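Step one of this worksheet: look at the structure below.
We did not get these values from a lab; they are worked out from the coordinates using the rules stated. No experiment lies behind these values; they were computed from the predicted model shown. Cβ atoms come from the backbone with ideal geometry, glycine included; neighbour counts cover every protein chain shown.
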Amino acid sequence: MRSCRTMIDSIPSTYNQNKAVHLIASIFMTSTVATIIYYVFKPALHHRSSDSQITVSEVIIARKETKHDVITDENTEFLLSLVIPAYNEEDRLPLMLEHTINYLIESQNAICQLCYQALGIDQGDLSNNNGTNLCHHLFNPPFQIIIVDDGSSDGTQQSVKRFLIEEYSRRKDMQEIIAVKVLALEHNSGKGAAVKVGMLRCKSKLALMLDADGATEISSLHKLIGEMKHRDSEAKVVFGSRAHLEEKSKAERSVVRTILMNAFHFFVKILIGGHIKDTQCGFKLFHGDVVKIMFGNLHLRRWAFDTELIVIAERFDIKISEVGVEWQEIDGSKLNTGRVALLFASAGMLRDMICVRLCYALNFWKLNKSEASLTRCAQQ
């Protein structure tokens, strides 16, 4: 009898314990799901809360310092703009700029001719009898370089300013060929944000995005323009690709990096789709007609922004082509290559790709097709 009574008395206690366990499990599951949802959609929330907070200022290279009018009128239209995002690049950027400027000056006629063909501009009798000054008949100067300092904590701006003053003083004809603009973001906002700022502020027929380390040989620009001018291509965007170097790089890469690279390519194919084999090469050419549409709608601000560009192009039915480029590893990468750091970076890029697909699928991110409103966005 006592035994039965004890069992009966213990029922409420057991019930309360089970209820408490279920409550704790429910709270744990709910918080876990909420944390995962927050983590996945963090780039979207971050974009909504802080995209308008990016403060951009222009680093003035004064006329009296260079003896040249380096800052060109805002209404000047260029044939080709080069947008270079930079973060703590005081050592590598001047070397890259020197190589790039040499290439643009020495190959100006060949580049202009390719650009005219890609744009469908009738060259007619543009060149004079000796074939010089082909560029300057329609665009003067033909080329623009926009450097976007992404909140660097070193002397990137100062080193670029010193280099430009020396170059413009040394090369008297440089101002007639290349105009340079240096933009500075107040805080580090990410490579995607820096590229977006530069692209939306360039006014040109073609725009090239390239990295500050100079890992991609600048002469590969010929291949990208050549692909865009190909009639069968019909591409408005051309991605530089290192896919043809993959087998060689596998032999030099650690097992962990190879696994992460293969996993990244797998998820890009599943989540982003398309035929692009190398989404992350920092060498991409855009037709001026699509620059504002693509970058005006860009949300991601960090490393995976290239994958969102593919999604935007897909939704606007903008054709992307891909060509192999000459590329080499350059010391001083800003990406931490330690195993743990690579795992976190890879997880972050995977998260960004999932976020992109979900935000567009659920209509959280709406594409703006109005050129006028995108232009106003660029000027803010």
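Brief remarks on what is shown
- Peptides 151-164, 211-224 ranked from most to least packed, by the mean per-residue count of other Cβ atoms within 10 Å: 211-224, 151-164.
- Length released on extending from HIS230 to LYS269, taking residue separation times 0.36 nm less the Cα-Cα span: 11.4 nm
- Protection proxy ranking for 198-206, 171-179, using the average of other Cβ atoms within 10 Å per residue and placing the highest first: 198-206, 171-179.
- Cα gyration tensor shape for the stretch 144-184, rounded if a/c is under 1.5, else prolate or oblate: oblate
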